[in-house]
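Participant: I'd like to ask you about the structure that follows.
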Protein chains: 4
Amino acid sequence: MAASGPVKVMRGPHEATRKVRFGHALEVGGDFVVIAGPCALESQDQVDQASNAVKASGGHALRGGAFKPRTSPYSFQGLGEPGLMLLSEAGRRLRLPIVSEIMDAAQLPMMLDTVDVLQVGARNMQNFALLRALSKVERPVLLKRGFGATIDEWLLAAEYLLDGGNDQVVLCERGIRSFDTTLRNTLDLAGMAYVKSKVKLPVLVDPSHATGMSGLVTPMALAAAAAGADGLLIEVHHSPATAMCDGPQALTPEAFDQLMRGVSAVLNATGRRMAGDKPLAAVGGAR
Amino acid sequence: MAASGPVKVMRGPHEATRKVRFGHALEVGGDFVVIAGPCALESQDQVDQASNAVKASGGHALRGGAFKPRTSPYSFQGLGEPGLMLLSEAGRRLRLPIVSEIMDAAQLPMMLDTVDVLQVGARNMQNFALLRALSKVERPVLLKRGFGATIDEWLLAAEYLLDGGNDQVVLCERGIRSFDTTLRNTLDLAGMAYVKSKVKLPVLVDPSHATGMSGLVTPMALAAAAAGADGLLIEVHHSPATAMCDGPQALTPEAFDQLMRGVSAVLNATGRRMAGDKPLAAVGGAR
Amino acid sequence: MAASGPVKVMRGPHEATRKVRFGHALEVGGDFVVIAGPCALESQDQVDQASNAVKASGGHALRGGAFKPRTSPYSFQGLGEPGLMLLSEAGRRLRLPIVSEIMDAAQLPMMLDTVDVLQVGARNMQNFALLRALSKVERPVLLKRGFGATIDEWLLAAEYLLDGGNDQVVLCERGIRSFDTTLRNTLDLAGMAYVKSKVKLPVLVDPSHATGMSGLVTPMALAAAAAGADGLLIEVHHSPATAMCDGPQALTPEAFDQLMRGVSAVLNATGRRMAGDKPLAAVGGAR
Amino acid sequence: MAASGPVKVMRGPHEATRKVRFGHALEVGGDFVVIAGPCALESQDQVDQASNAVKASGGHALRGGAFKPRTSPYSFQGLGEPGLMLLSEAGRRLRLPIVSEIMDAAQLPMMLDTVDVLQVGARNMQNFALLRALSKVERPVLLKRGFGATIDEWLLAAEYLLDGGNDQVVLCERGIRSFDTTLRNTLDLAGMAYVKSKVKLPVLVDPSHATGMSGLVTPMALAAAAAGADGLLIEVHHSPATAMCDGPQALTPEAFDQLMRGVSAVLNATGRRMAGDKPLAAVGGAR
């Protein structure tokens, strides 16, 4: 790495994790946060059902893709701007910040008008033109790790943002490629814990994309909480079987509710808590 | 996989995890177990200090290598049979079953005289001559996943044991190879959870070899407990800095003690418990 | 892949490889072509020396990066537009088409004014906004495989271009990630041969980025020619030791000249020939 | 690597490739050699047809597995000793040395009675008990690279043999695991060329196992010859469709004959020759 290694993302001695504000009220990097919603925004009804479920179970922010980076040009590419409006309205109604993926710098003006957090997806982690554009705006960025990216490359992509002037950056581990293709990706939870120990930015985990199987989302969410992640990205859909994108990895509202309870309990067991939960003393947490 | 896929290791509908007995008293596959000790057996003093520490903190079995499969012929190759005697004596003194790696079928008679559990290491996972020999003995086998092995290959290696007549098999995930070499290996915790959901054999996790960094062992141990593993393999050394093998990943007795407390709390938070702990009702665990 | 797999890039029964024209005179997809030049454009002198060397040894097109997608924001990022001018002048002077990487759709107008072939780099292979923009222009695209991309993902990225209306597409294998990091990447030559057998687009090989070591560039160039590739991308620099980017993998003019002779001989031995070489009969080629 | 890195396998300055004798007459490490035959030995008729074809097309040694390390216990495991006898008789009849895989040290006495070269398969590359046993015999060893093994690990496995006293060692690259599973493995031809440049042992390439597709075997054989390999391992079967093991990657006698001609031409084009061919001057080879 030498002279060209990451500098500004690194945690100094005794330096605390940076708090990054999503919207007006949510702080990421302190208590544990859960950002949830559908993979792709599909319709008013779908967005409302998913958003209501996220809110009802204590989720802290809404996620949903309007512009979808699909491997094939023949797959559903997202609703585009109208989809963003649906998510924006749900966010306003439920008083939850919204997170959505930006695919190109040209979308910035419109995205800045609607979303609270700009997500950079795995496929664009090294789209340096996009990173430079995002480094110049005053809006938090959620930077997913590329599925073919080393930890150093991931941190240096974040360094582009900080070096350019935007220090409101949150990282998200979402699984990497390995020779074993039984699951969609290989969740690199130890890599996440390593990054937490070296970097001052908050680090989230996305067990939905990492595993691609709804039955593994909750075990990996619990594991991420136990391992020290700052929060989660979870896909929720009222009818996974009919979802237009990534249905097999989406949780139903019921499963999401169980996940939230389980994660709270694990956090308390490790001396932490879910954002919005009562202080630990009140629940008798350890450590 | 078709006709040559795994059959006998698979979990039937509503079938519980198989209980595998280690020595006289320990059951693996029910309450959570922790097998700990030094990577390589080095001396009477080292074995005693590590073993006492494991016992004092509530560990359930001792591990230690007498025959070490080292990448280089110029690295310490283990004490051999005298090392095994040291471990055996420690086990008898502390009333803990002992686990040690077998590298070749020719070692079987001696190993059967001394160890309670025969470990097959990652590099020998597809040493089919060894697996066939082990399938004919009445002694439990702890089968580690090869770092280059798919989940199917791992299960089929276990199938060799069951098909040959030995159904006392415990699996252990210890990290796989990926393009990211920041850490020693990439711990495939989601793969472990997937295997748990498909297979009736108990599944352990070895966060020491998976990460190669002592600072990541406890976070990954907590994660493994949260994700549903049946137990852990942990390397403990009273002086990691002077260990003859894999010192950077060994926990001190103090760190191991903290790990045990943390894991207990996480287990309770998910409605499970550490073997030997009081029943959950007594500690007010959730679920 | 099912309904969303690649269609338009696939080779029909008895369909020949598509010929793609680079500039006025060069055809890719028939006789073997070599595109060479410096990794990054640095100065008038450097561009001239490399370009003259490429021309003198029979290279068919010039390559050089003006906008460099560097992993670290602290590495040399390229000369930008002035660099492009240097390459453009060299191309005009030597009557060779020029190839340069485009990093963002916003650069399109300027690039269309200067370069004959628009290169999409490995890090942008799934930058779908860029691919869509490129699908609408009448200019050939050289699409490199992402180092974390499967063959299917690569072909589907090309499918975005063809589906959008641009069928002047040339593929380039440049090495993928694997667990072995001895070399910069793992050149997937068998993957190249597989793609050649399935797809109608020309496929090039870039042994410079794939290996990262100048001593391996010629062996892999010969191998690529023997395995049926349609051409090569080669980095040439008059002083690799002082290059501002990727010096260790650059060939000197002398080494490049040897490569060209060696490749010609291997092509003739397999019944093919280097573009511009005399017809096979004249050199007594085999098959 | 430091103190425990490979030493005895490394090539000294100006040191030539070691010549390793297979049987009485064949030398590996000088002119190019081709070792071919069926994956698994099945019957007298099958062994004879394959062996005759190998001899007729100029192959230099026979290969065939009697003890097959199969992923599943339910796959055909090989004929065992009777299979070895069939291969041995074919070798004697055709005056070709024979190569077969040894899976366990216990098979050594029998193998020493029948085979000229002891092959260690990919799955046993780090079976150190086997390597130590083989280091004590006077018989050449063909050491395949493990599909999950780094180059360093491969060289250190060879170092076990040399350090133990057996310097008659030939290496064989046969493909490694990567995230792309389109083909059976990813042939690491650049890794082969790197090893050739560092190590004094001969290095062969096995394109049959590396690709798993007969249509890619010849392109990769030509590529291996062009890249400087010392020889090939090729699977040949008179009826691939009915082969009991790995039929899809086997060449018919006709395809094998074409491969041999093509490889000869490529060797000549690079100033080398096939063992047994006329001297280069007679065929007008280049360089």
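The values are calculated or read from the model by the stated rules, or taken from the named source; none is laboratory data. Please read all numbers here as calculations on a predicted model, not as lab measurements. Every residue, glycine as well, gets a Cβ built from its backbone with ideal geometry; the counts of neighbours run over all protein chains shown. With ligands, DNA and RNA removed, areas are computed over all heavy atoms of the protein, side chains included. Shrake-Rupley method; radii C 1.70, N 1.55, O 1.52, S 1.80 Å.
Participant: So which residues in the stretch A:67-86 end up with at least 40 square angstrom less accessible surface once the other protein chains are there, compared with the chain by itself, probe 1.4 angstrom?
Facilitator: Buried-area filter returns A:T71, A:P73, A:Y74.
Participant: Same structure again: Probe radius 1.4 Å, ligands and nucleic acids ignored: give me the carbon and sulfur share of the accessible area of the stretch C:1-146 as a rounded percent.
Facilitator: The nonpolar share, carbon plus sulfur, comes to 52 percent.
Participant: Moving to a separate point now. Averaged across the residues of A:5-17, what count of C-beta atoms belonging to other chains lies within 10 Å of each residue's C-beta?
Facilitator: Average neighbour count from other chains, rounded to a whole number: 1.
Participant: Under 16 Å Cα to Cα from B:K196, which aspartates and glutamates show up? Leave out anything in the same chain fewer than 8 places away.
Facilitator: Correct list for B:K196: B:E15, B:D31, B:D152, B:E153, B:E159, B:E173, B:D188, B:D206, B:D230.
Participant: So what's the gap between the Cα centers of the stretch B:163-206 and the stretch A:145-164, to the nearest angstrom?
Facilitator: Spelled out, the Cα-based centre of one part sits 29 Å from the other.
Participant: Also: At A:T17 and D:A56, where each label point lies 7 Å from the Cα along Cα→Cβ, what is the point-to-point distance in nanometres?
Facilitator: 7.0 nm
Participant: Would you mind telling me the antiparallel percentage of the DSSP bridges in the protein assembly as shown, rounded to 5?
Facilitator: Working: 20 of 128 bridges.
Roughly 15 percent of the DSSP beta bridges within the protein assembly as shown come out antiparallel.
Participant: Could you derive backbone 3J(HN,Hα) for the stretch A:135-143 from the dihedral phi with the Karplus parameters 6.51, -1.76 and 1.60 (θ = phi - 60°), listing whole Hz in sequence and x where the residue is Gly or Pro?
Facilitator: For the stretch A:135-143, the Karplus curve yields 6, 9, 10, 9, 7, x, 10, 9, 9 Hz.
Participant: Continuing with the same structure: Treating only the Cβ atoms of Lys and Arg (+1) and Asp and Glu (-1) as charged, compute the dipole magnitude of chain C about its Cα centre; round to the nearest 20 debye.
Facilitator: Roughly 620 debye, rounded to the nearest 20.
Participant: Go ahead and run the numbers for FRET between A:S239 and D:F76, Cβ-Cβ distance against an R0 of 45 Å, rounding to 0.05. Display every interim value, and only then the final one.
Facilitator: Working: r = 46 Å, r/R0 = 1.03.
In this case the efficiency is close to 0.45.
Participant: From the phi angles alone, apply the Karplus equation (6.51, -1.76, 1.60; θ = phi - 60°) to the stretch D:98-110 and give each ³J(HN,Hα) in whole Hz, x where the residue is Gly or Pro.
Facilitator: Rounded to whole hertz, the list is 10, 10, 8, 7, 9, 9, 7, 4, 5, 7, 4, x, 5.
Participant: Can you tell me the relative contact order of the stretch B:130-278? Whole percent, Cα pairs under 8 Å, sequence separation 6 or more.
Facilitator: 16 percent
Participant: For a quick check: with amide H placed at 1.01 Å from N, whose amide H comes under 5 Å from C:L232's, ignoring anything fewer than 5 positions away on the same chain?
Facilitator: C:V33, C:V34, C:I35, C:V205
Participant: Evaluate the distance, in nm, between pseudo-label points positioned 7 Å from the Cα of B:D152 and of A:Q258 along their respective Cα→Cβ axes.
Facilitator: Each label point is offset 7 Å from its Cα along the Cβ direction, giving 2.9 nm.
Participant: How much FRET efficiency would the formula 1/(1 + (r/R0)^6) give for A:M10 and B:S197, where r is the Cβ-Cβ distance and R0 is 35 Å, rounded to 0.05?
Facilitator: The formula returns an efficiency of 0.35 here.
Participant: For the stretch D:194-287, how big is Rg over Rh, using alpha carbon atoms and the Kirkwood form of Rh? Write out the running numbers ahead of the final one.
Facilitator: Values: Rg = 14.3 Å, Rh = 14.1 Å.
A ratio of 1.02.
Participant: At 7 Å along Cα-to-Cβ for each site, give me the label-to-label distance between C:T181 and D:S43 in nm.
Facilitator: Computed distance between label sites C:T181 and D:S43 equals 5.2 nm.
Participant: Specify the inter-centroid distance of the stretch D:9-48 and the stretch C:8-44, based on alpha-carbon positions, in whole Å.
Facilitator: Taking the Cα centre of each part, the stretch D:9-48 and the stretch C:8-44 sit 39 Å apart.
Participant: Quick check for you: with a 1.4 Å probe and neighbouring chains kept, what is the accessible area per residue of the stretch B:6-101, in Å²? Walk me through the intermediate numbers first.
Facilitator: Details: 3780 Å² over 96 residues.
Value for the stretch B:6-101: 39 Å² per residue.
Participant: Please give the per residue accessible area of the stretch A:129-246, computed with a probe of 1.4 Å over protein heavy atoms only, in Å².
Facilitator: On a per-residue basis, 21 Å².
Participant: May I pose another question? If each label sits 7 angstrom from Cα along the C-beta direction, how far apart, in nm, is C:K8 from its counterparts in the other copies?
Facilitator: Shortest to longest, the spacings are 4.0, 5.5, 6.1 nm.
Participant: How far, in nm to one decimal, is B:G271 from itself in the other copies if the label point is set 7 angstrom along Cα toward Cβ? Shortest first, please.
Facilitator: Relative to the other copies, B:G271 has label-point distances of 2.8, 6.8, 7.3 nm.
Participant: Oh, and also: Per-residue Cβ counts within 10 Å, from other chains only, averaged over C:262-270: what number is that?
Facilitator: Numbers: counts 6, 2, 2, 10, 9, 1, 3, 14, 7.
What the average comes to for C:262-270 is 6.
Participant: Of all beta bridges DSSP finds with both residues in the stretch A:105-210, what is the antiparallel percent, to the nearest 5?
Facilitator: In the stretch A:105-210, approximately 10 percent of DSSP beta bridges are antiparallel ones.
Participant: Turning to a different aspect of this structure: Could you name every residue in the stretch A:96-138 that has 50 Å² or more less accessible surface in the full protein assembly than in its own chain alone (probe 1.4 Å, ligands and nucleic acids excluded)?
Facilitator: Listed by number, the residues meeting the 50 Å² cut-off are A:D104, A:R123, A:Q126, A:F128.
Participant: Over 27 Å between Cα atoms: which of C:K136/C:K198; B:K144/D:K8; D:K136/D:K278 fall into that group?
Facilitator: B:K144/D:K8; D:K136/D:K278
Participant: Return the whole-Å distance between the Cα centroid of the stretch C:237-254 and the Cα centroid of the stretch B:56-87.
Facilitator: 49 Å
Participant: Using a 1.4 Å probe and ignoring any ligands, DNA or RNA, find the accessible area of D:Y74 and quote it in Å² to the nearest 10.
Facilitator: 80 Å²
Participant: Using the per-residue mean of other Cβ atoms lying within 10 Å as a proxy for protection, in what order, highest first, do the peptides B:126-132, C:203-209, C:21-27 fall?
Facilitator: Result, highest mean Cβ count within 10 Å first: C:203-209, B:126-132, C:21-27.
Participant: Across peptide C:226-236, how many C-beta atoms of other chains are within 10 Å of each residue C-beta, on average? All intermediate terms of the calculation are to be shown ahead of the outcome.
Facilitator: Values: counts 16, 12, 5, 2, 0, 0, 0, 0, 0, 0, 0.
Mean number of neighbouring Cβ atoms from other chains: 3.
Participant: Here's something else I'd like to know. What is the set of long-range amide H partners of C:G65 at a cut-off below 5 Å, with H atoms built 1.01 Å from backbone N?
Facilitator: Under 5 Å from the amide H of C:G65 lie the amide H atoms of C:A40, C:L41, each far enough along the sequence or on another chain.
Participant: A further question follows. Please list, in order, the residues from the stretch C:166-210 whose amide nitrogen is less than 14 Å from a point placed 7 Å along the Cα→Cβ vector of C:E27.
Facilitator: Only C:202 fall inside the zone, counting backbone N under 14 Å.
Participant: Nm distances between the label at A:D113 and the same-position labels in the remaining copies, 7 Å along Cα→Cβ, shortest first?
Facilitator: Nearest first, the other copies' label points are 3.0, 8.4, 8.7 nm away.
Participant: Which order do you get for D:K19, B:K278 if you rank them by accessible area with a 1.4 Å probe, largest at the top?
Facilitator: B:K278, D:K19
Participant: Tabulate in residue order the Karplus-calculated ³J(HN,Hα) for the stretch B:187-202, using 6.51 cos²θ - 1.76 cosθ + 1.60 with θ = phi - 60°, rounded to whole Hz; enter x for Gly and Pro.
Facilitator: Once rounded to whole Hz, the list reads 5, 9, 5, 5, x, 4, 5, 5, 4, 3, 6, 10, 10, 8, 7, x.
Participant: A further question on this structure: Nearest 100 Å², what total accessible surface is buried between chain A and chain B (probe 1.4 Å)? Intermediate results must be reported in sequence, preceding the final value.
Facilitator: On the way: alone 12100 and 12100 Å², together 21620 Å².
In total, chains A and B hide about 2600 Å² from solvent.
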